[in-house]
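Student: Attaching a single structure in structure tokens format; questions to follow.
Read-outs throughout are calculated quantities, based only on the coordinates presented, and are distinct from any laboratory measurement. Keep in mind it's a predicted model, so treat the numbers as computed, not measured. Cβ sites come from the backbone with ideal geometry, for glycine too, and all protein chains shown count toward neighbours.
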Amino acid sequence: MSWPGKPVSVVVPATSANLGPGFDSLGLALTLHDTVEAWVTEGGLEVQVTGVGADHAWQPADKHLVIQAMRAGFAALHEDPPGIAISCRNEVPQGFGLGSSAAAIVAGLLAARALSAGRRVAARPADVLADAEVLRLACEMEGHPDNVAACLVGGLTISWAGPAGPQVARLTPAPELAPVLCVPAIPVATKTARNALPEQVSHADAAANSARTALLIAALTGRPDLLLSGTEDFLHQRYRAAVMPGTAALLAALRDAGIPAVVSGAGPSVLALTADGQSGNAADVARVAAQQGQPWRVLPLRVDTRGARLLGD
């Protein structure tokens, strides 16, 4: 069986994990996307990048995360293509708490699945590598499920480790939810943000955080008037303030203005969870951000409800 002669294209959304109290479990897909075009060649590896990250020198090509994910997908499918080429058009900034690594991993796995399906007569991608296996492989590469789950299925997700591997429950967020993203100029490594966390927290903080997480689910799915209370966190944001003081300052300023805001993932981006018809909107977020001592790029977005997908499907 020969490889398909034409490329496949995969679109993957940015994601924001945690959303305040939902540490390592909640994720939200956003309308900011990377697009990966991939095809099988006669040999070697080729990587082209435009958009965000285009100035990075991807040498050697086998270090590119999409390539690594494609290889993992092909290995799971017992395939060994002679060569791989990818062309990435990136919108998701890397190192800003927006799930760029999850997006690359999911894109690579879905591209490998689609290309392998093209080799099999009457096969569909789902017959070649099930979504549950894509999620398992993605979590194995990423190390945690919150971003990859939201990237894969879209919308609002709750993810956890089950007896049979990583699991995801997809919820439909309130249609009036209007996320506003604030991106600073300088990234922060996820490892740096992780290392700022204490090994233990008090029982009182854990209990308070559980209550806020439950409240946040209600707020995100139908009670946006509860978002300010629901986004209060007791587990991670306060501890990361020292390694991203500008993020902490903007977060405090937005919340003082009555705007529900959280650190996006491990930071340093800030996500304001505004809602149509509620006080506080994108213009208010931009006004508060402009008053800070560092520049912020403010992006009004919506929730991506489709998740990762092949173009043409």
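Student: Counting only other residues whose beta carbon sits under 13 Å from that of residue 219, what net charge do I get with K and R as +1, D and E as -1?
Tutor: Numbers: positive: 212, 223; negative: 176, 225, 232.
Neighbourhood net charge equals -1.
Student: Order 41-52, 295-306 from most to least packed using the mean count of other Cβ atoms within 10 Å. Mind showing how you got there, number by number?
Tutor: Values: 41-52: 13.8, 295-306: 17.2.
Sorting 41-52, 295-306 by mean packing, highest first, produces 295-306, 41-52.
Student: Quick one: order 96, 23 by neighbouring beta-carbon count within 10 Å, fewest to most. Numbers along the way, then the final one.
Tutor: Values: 96 25, 23 18.
Ranking 96, 23 by Cβ neighbours within 10 Å, fewest first, gives 23, 96.
Student: Please give the net charge around residue 98, taking every other residue with its beta carbon less than 14 angstrom from that of residue 98, where Lys and Arg add +1 and Asp and Glu add -1.
Tutor: On the way: positive: 297; negative: 34, 91, 142, 146, 304.
Counting the neighbours of residue 98, the net charge comes to -4.
Student: With springs connecting C-alpha atoms under 10 Å apart, model the chain as a Gaussian network and identify which of 138, 164, 76 has the largest mean-square fluctuation.
Tutor: Ranking 138, 164, 76 by mean-square fluctuation puts 164 first.
Student: Taking the Cα centre of the chain as origin and charging only Cβ (+1 Lys, Arg; -1 Asp, Glu), how large is the dipole, in debye to the nearest 20? It would help to have the intermediate numbers written out before the result.
Tutor: Details: 22 positive and 27 negative charges, 25 e Å.
Here the size comes out at about 120 debye.
Student: Quick one: grab Rg to one decimal and Dmax as a whole number for the chain, Cα atoms only, in Å.
Tutor: Every Cα atom of the chain included, Rg and Dmax give 19.7, 62 Å.
Student: Please name which of 177, 262, 204 has its Cα lying farthest along the dipole of segment 177-300 towards the positive end, using unit charges on Cβ (Lys, Arg +1; Asp, Glu -1) and the Cα centre as origin.
Tutor: Value computed over the given set: 262.
Student: What net charge do the residues around residue 47 carry, taking every other residue with its C-beta under 14 Å from that of residue 47, with Lys and Arg at +1 and Asp and Glu at -1? Don't skip to the end; give the middle numbers.
Tutor: Values: positive: 63, 71, 89; negative: 34, 37, 46, 55, 62.
My count for the surroundings of residue 47 gives -2.
Student: If you don't mind, another one. State the Cα centre-to-centre distance between segment 1-78 and segment 242-269 in whole Å.
Tutor: 29
Student: Okay, moving on. Direction-averaged shadow area of the convex hull around the Cα atoms of segment 1-143, nm²?
Tutor: Working: hull surface 34.3 nm².
That works out to 8.6 nm².
Student: Arranged by the count of other C-beta atoms within 10 angstrom, fewest first, what order do 236, 144, 33 take?
Tutor: Values: 236 22, 144 15, 33 19.
The fewest-first ordering by Cβ neighbours comes to 144, 33, 236.
Student: Also, quick follow-up: Determine the percent antiparallel among the DSSP beta bridges restricted to the chain, to the nearest 5. Before the final figure, lay out the partial values.
Tutor: Working: 45 of 53 bridges.
Of the beta bridges lying entirely in the chain, close to 85 percent run antiparallel.
Student: Given segment 177-300, report the % of alpha carbon pairs whose separation exceeds 17 Å.
Tutor: Values: 4287 of 7626 pairs.
Value for segment 177-300 (Cα pairs over 17 Å): 56 percent.
Student: When 274, 221 are ordered from fewest to most other Cβ atoms inside 10 Å of their Cβ, what list results?
Tutor: 221, 274
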